[in-house]
Amino acid sequence: MITTTQMYWLTRLDDIRGVLIGLGLAGIVAVILAFAVGLGLRLKTRDYSWETVEGVKAINAMGSKLLRVALPLFSAFMIFSFTGFALTPSSRDMAAILVVPAIVNSEKVQVVGSQLYELAVEWMEELRPNKVIEKKGDQK
């Protein structure tokens, strides 16, 4: 028997998968953005006269930190979002998980299944042709 809690989760699973996809994509975009900004800051040079060497070095250091953080973050977002997506069943999958065992393990289905099998065997026995075929020349 399917409970109301199971029915609730059955209706929410596709939305949960959608959120996981959205979070994964947002994380990937954020990491790519952090990588691009970090690379830009890391390669910054003194372009204007009012920029000091110390200020440019601080900007370069910040860019280096962003670059060091970008790859682990990217890996983490990929692992968590895709693992969560892969391990979360869709509504259709969950319906099969709940309904198929209930049907297969039902006593009525097992009784009817064995009766149906016996009926099919009897039917095939009745339709089986006789193997003795008389030849025209063997008539006496």
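Table for the structure above
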quantity	calculated
Nearest-ten-degree value, helix 91-104 long axis tilted from longest Cα axis of the chain	30 degrees
GNM flexibility winner over the chain from LYS57, LYS44, LYS108 (Cα, springs under 10 Å)	LYS108
FRET efficiency estimate (nearest 0.05) - Cβ-Cβ, ALA102 to PHE80, R0 30 angstrom	0.35
Förster radius 35 Å - calculated FRET efficiency between GLN115 and ILE28 (Cβ-Cβ, nearest 0.05)	0.05
Calculated P(r) of the chain - Cα pairs past 24 Å, %	67 percent
Listed residues ARG128, ARG92, ARG12, most fluctuating in the chain (Gaussian network, C-alpha, under 10 Å)	ARG128
Segment TRP123-THR11, length gained on full extension (0.36 nm per residue, minus Cα span)	36.0 nm
Cβ-derived FRET efficiency at R0 41 Å, SER90 paired with ARG42, nearest 0.05	0.45
Tally of Lys pairs whose C-alpha atoms are under 26 Å apart, taken over the chain, 8 or more apart or cross-chain	4
Sites excluded, chymotrypsin sites (Phe, Trp or Tyr not before Pro) in DSSP loops with at most 13 other C-beta within 10 Å, longest stretch of the chain	51-140
Within a Gaussian network of the chain (alpha carbon springs, distance under 10 Å), most fluctuating of GLY40, GLY113, GLY84	GLY113
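Every read-out reported here was derived from the displayed coordinates using simple, explicitly stated rules and does not represent laboratory data. Treat the numbers as computed from the prediction; the structure is a model and nothing was measured. Virtual Cβ from ideal backbone geometry, glycine too; neighbours counted across all protein chains shown.
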